[in-house]
1. How much length, in nm to one decimal, is gained on full extension between Asn140 and Asn71, taken as 0.36 nm per residue of separation minus their Cα-Cα distance?
2. Please sort 90-97, 42-49 by packing, taking for each peptide the average over its residues of neighbouring beta carbons within 10 angstrom, highest first.
3. Could you go through segment 38-54 in sequence order and give the Karplus-derived ³J(HN,Hα) for each residue, using 6.51 cos²θ - 1.76 cosθ + 1.60 with θ = phi - 60°, rounded to whole Hz, and x for Gly and Pro?
4. Describe numerically, in nm with one decimal, the distance between label points set 7 Å from Cα along Cα→Cβ at Asp57 and at Lys147.
5. Please find the FRET efficiency linking Thr38 to Trp84, where r is the Cβ-Cβ separation and R0 is fixed at 35 Å, and quote it to the nearest 0.05.
6. Could you calculate the contour length gain from Ile26 to Asp101, that is, 0.36 nm times the residue separation minus the distance between their Cα atoms, to one decimal place in nm?
7. Using each residue's phi in segment 76-88, evaluate 6.51 cos²θ - 1.76 cosθ + 1.60 at θ = phi - 60° and report the 3J(HN,Hα) Karplus result to the nearest Hz, with x for Gly and Pro.
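Please treat every number below as a calculation from the coordinates, not as lab data. Given the structure is predicted, the values throughout are model-derived calculations rather than measurements. Cβ sites come from the backbone with ideal geometry, for glycine too, and all protein chains shown count toward neighbours.
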Amino acid sequence: MELSRRWNLFPLLLCSLASISCAPRITAIDPVEGTPGTMVSLSMEYLVGWPRVQIGDKIIDWPQLKLLASNPERQTVRGEDLVWIEDKVLQFRVPELPPGDYAVTIHDDKGPPGQPVYSFLETTAYVMFPPVWPYVFRANRAQAKFKILARPPSESIGP
């Protein structure tokens, strides 16, 4: 009886491990610190949706981001046209925030911003195709640390 109960948990454990392994993952961040306005590049694996970046209380939405293929031969391909399984580089400018240590959170949304019906329909379609389940039933965010530095006095904004 105890052995059969353990085997019943095996598929659940396997799906959980597969889901974790397919969560978006930041493999590199360049630079790791900078002033507001600095361009940051995040090399990522398993980024399959429509990303948003959150730093502190600031959200950087899809239209303000640049998405490139990691593969140099495909860097001219528009972000919307990248293959969902290829590694990507996500670029954004650091927003105006006070100096300090911040968590940069990449939210990997399943549909275009502000279109929950599209997201629902896309997810429903993927549920019908078991090979993509690890990408559908997974964590949808990744985090990295970034330090915002104070602007040098010569770059200060204002009078």
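1. Residue separation times 0.36 nm, minus the Cα-Cα distance, leaves 22.5 nm.
2. Per-residue mean Cβ counts within 10 Å order the peptides as 42-49, 90-97.
3. 5, 7, 10, 10, 10, 7, 9, 10, 6, 8, 10, x, 10, x, 10, 10, 10
4. Once both label points are built, they end up 2.5 nm from each other.
5. Details: r = 29 Å, r/R0 = 0.82.
For R0 = 35 Å, the calculated efficiency reads 0.75.
6. Values: separation 75, 0.36 × 75 = 27.00 nm, distance 1.76 nm.
Result for the pair: 25.2 nm of gain on full extension.
7. 8, 6, 4, x, 5, 9, 5, 6, 5, 9, 7, 5, 9
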